[in-house]
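In what follows, a structure is listed as structure tokens, so that the remarks can point back to it.
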Amino acid sequence: MDSLQLQGFSRREVMALTGLEEYRLTYLQRTGIVVPENFKPDGYVKSFPRYSWHQILEIKAIEDLRSKDVSLQKVRLLMDFLKKHSNDPRLHTNNLALIDDRIFWVCNEGDLEKCFIECLGKHQGQVTIAEVILIKNPSEEIWQTAKQDNVINFATFKSRVDQATMLKSA
């Protein structure tokens, strides 16, 4: 495995794993929503954008919200809300619920086993109890895509995800 593969995932791999087209990745980068690291291997003149495992999960979570008609403006506001109120502001690590046009953060709060805090709108921060549909975690879907896709070398994919997971827990 060369050093470039060890340094995250290429745009092509991210497109294969998430189903996004290049213009969408470029937009997410240009707007600062998900910005890859630039990696310049020894002996290369050019640097390469490389995405982390968590960035892939974040992109997938954003696209899952978009598929439920949540605008990118609301996604940005949701990310800002989580940065202010959550210990971990990433979309893919928080339990989110979409009820009608409202997004709720599902968390454990004090004596409540589960509470639903409205993230956006005039009732932001209000605790609500309601019937909810949880937005799924994108990790399993990406693993299945990686196993089946011909762009992704599954052995190196698994190694890179394992490495990213170990770095996070360290």
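Bear in mind these aren't lab numbers, they're just calculated from the coordinates by the rules spelled out. Note that this is a predicted model, so its numbers are computed, not measured. FYI the Cβ positions are ideal-geometry reconstructions off the backbone, even for glycines, and counts take in every protein chain you see.
Computed from the Cβ-Cβ distance with R0 of 22 Å, the FRET efficiency linking K147 to F48 stands at 0.35.
Near the amide H of L96, under 5 Å away, which other amide H atoms are found, from residues 5 or more places off or on another chain, if H is placed in the peptide plane? Correct list: V106, I135.
With the simple model of a label 7 Å out from the Cα in the direction of the Cβ, S139 to F154 spans 1.9 nm. Packing here is the average count of other Cβ atoms within 10 Å per residue, and on that basis the peptides 53-60, 100-107, 145-152, highest first, run 53-60, 100-107, 145-152.
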